[in-house]
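Notes to accompany the following structure.
The values are calculated or read from the model by the stated rules, or taken from the named source; none is laboratory data. Please read these numbers as outputs of a predicted model, since none were measured by experiment. Glycine gets a Cβ as well: all are built from the backbone with ideal geometry, and neighbour counts include every protein chain shown. Just the protein is used for accessible areas: all its heavy atoms, side chains included, with ligands, DNA and RNA removed. Shrake-Rupley method; radii C 1.70, N 1.55, O 1.52, S 1.80 Å.
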Amino acid sequence: MDAERTTIVVQSGDYDKLYSALIIANGSLAMGMEVSLYFTFWGLQRLTQRGLERGPLSKMHFFGLGKWMVKRRMARAKVAPLERLLQDFKELGGRMLACEMPMAIMGIAKADPCQDLIDDYGAVGSYIKDARQSTVTLFI
Amino acid sequence: MDAERTTIVVQSGDYDKLYSALIIANGSLAMGMEVSLYFTFWGLQRLTQRGLERGPLSKMHFFGLGKWMVKRRMARAKVAPLERLLQDFKELGGRMLACEMPMAIMGIAKADPCQDLIDDYGAVGSYIKDARQSTVTLFI
Amino acid sequence: MDAERTTIVVQSGDYDKLYSALIIANGSLAMGMEVSLYFTFWGLQRLTQRGLERGPLSKMHFFGLGKWMVKRRMARAKVAPLERLLQDFKELGGRMLACEMPMAIMGIAKADPCQDLIDDYGAVGSYIKDARQSTVTLFI
């Protein structure tokens with residue numbers, strides 16, 4: 001029997017939403033499920049153009065705190081940074097896919113940094129195929 | 001046996017989110033699934049009051065580009081505009097539903113433009129009925 | 001046989017999104033399903049720190065109307081306020097969970113007001129367990 005699957009569209013580039021997407025993805029992997037993350041639009045832009053931690057802080061100091069304070073609180077609460085969560089995701093065997101159409105609109109080339117993180121480029125057909133075989137489907 | 005189903009709540013009026021909702025919806029239809037889109041709040045407002053393309057550009061030039069540039073890139077990348085995706089959705093047999101409660105709050109009458117696109121008006125009961133029979137459920 | 005289940009992550013603190021989450025949750029309960037709501041980040045902040053109705057109006061007058069107008073329209077359309085929807089949710093037997101990690105980052109203590117609404121504190125493991133047994137999974 002095939003393993004159960006979680007399939008998530010990651011359209012948002014917000015720090016807290018990327019965090020939740022990766023936490024749910026890694027939690028699924030840890031419980032023996034397979035996971036596909038479809039990065040598109042803002043999520044894809046964040047992934048390929050600026051890196052997860054290097055982006056502007058608009059969403060990072062999302063609690064009205066400064067960057068320093070957030071980082072300190074995250075360290076004290078032993079919260080893993082996004083880069084680390086992404087690394088764990090890859091090591092646990094998760095699949096990352098990039099949607100081709102938004103790449104064309106946004107001018108993201110396949111040679112952009114972080115392209116080595118991406119397992120495959122796909123259109124909606126491969127998403128539907130994954131999603132209909134999934135126990136958990138989310139749009140974040 | 002019934003066909004598999006995709007059920008999506010379209011609450012956002014953001015250009016890129018409407019785009020993803022319609023791409024997933026049309027992809028599902030193309031693969032033989034049935035699809036119900038429940039328009040509510042901002043998605044419903046966008047649909048009924050301003051039209052999909054005529055709205056303000058706040059979210060349309062979402063990549064820091066001007067409207068002209070976005071339109072040119074979309075044409076070059078052969079990206080279908082929202083109006084066309086919506087037309088395809090209807091022709092492929094997708095169902096569009098409008099949620100009644102937000103209409104009352106927002107003052108949207110059933111005689112508003114685009115009402116001919118809407119197959120039915122519904123409350124949460126019909127959504128739950130569709131969603132529990134669906135393979136893919138998303139909130140966008 | 002177990003009852004069918006709806007599991008929703010409530011990450012947003014936007015008035016209209018909390019409204020939709022609770023409407024879908026209560027509709028599921030009314031149709032005999034079990035429901036788990038996982039409050040995290042902004043949804044959790046709204047729940048624990050300011051109360052559902054007392055928050056700033058940025059999202060409450062979301063139709064360009066003033067607070068007074070919105071309240072009048074909601075009353076006229078017989079729309080239940082969020083506090084009432086939440087009360088119904090609890091009375092119908094819904095479960096509310098708070099995610100521990102964001103609480104640590106945001107400095108929300110377990111003694112904050114509204115903690116009596118929360119049935120349990122959990123991490124991603126309990127979410128995945130609920131979600132994989134659910135007919136409907138949403139991220140709002």
task = Could you list all residues from the stretch A:93-140 that are over 26 Å from B:Lys78 (Cβ atoms) and more than 14 Å from chain B (Cβ to nearest Cβ)?
result = A:Gly93, A:Gly94, A:Arg95, A:Pro113, A:Asp116, A:Leu117
query = For B:Ala104, which of the numbered conditions (1) open to solvent by 20 Å² or more (accessible area, probe 1.4 Å); (2) modelled with pLDDT under 90; (3) touching a strand residue (DSSP E or B) at 6+ places or on another chain (Cβ under 9 Å) fails to hold?
reply = (3)
message = Out of everything in the stretch C:20-34 that is out of contact with any Phe, Trp or Tyr (no Cβ under 8 Å at 6 or more places or on another chain) and at negative phi, what residue ends up being farthest from the other protein chains (Cβ to nearest Cβ)?
response = C:Glu34
Hits in the stretch A:4-38 - residues which are at pLDDT 95 or above and of a type in the set (Phe, Trp, Tyr) = A:Tyr38
key: Those residues of the stretch B:10-38 which are part of a strand (DSSP E or B) and open to solvent by less than 10 Å² (accessible area, probe 1.4 Å), in sequence order   = B:Val10, B:Val35, B:Ser36, B:Leu37, B:Tyr38
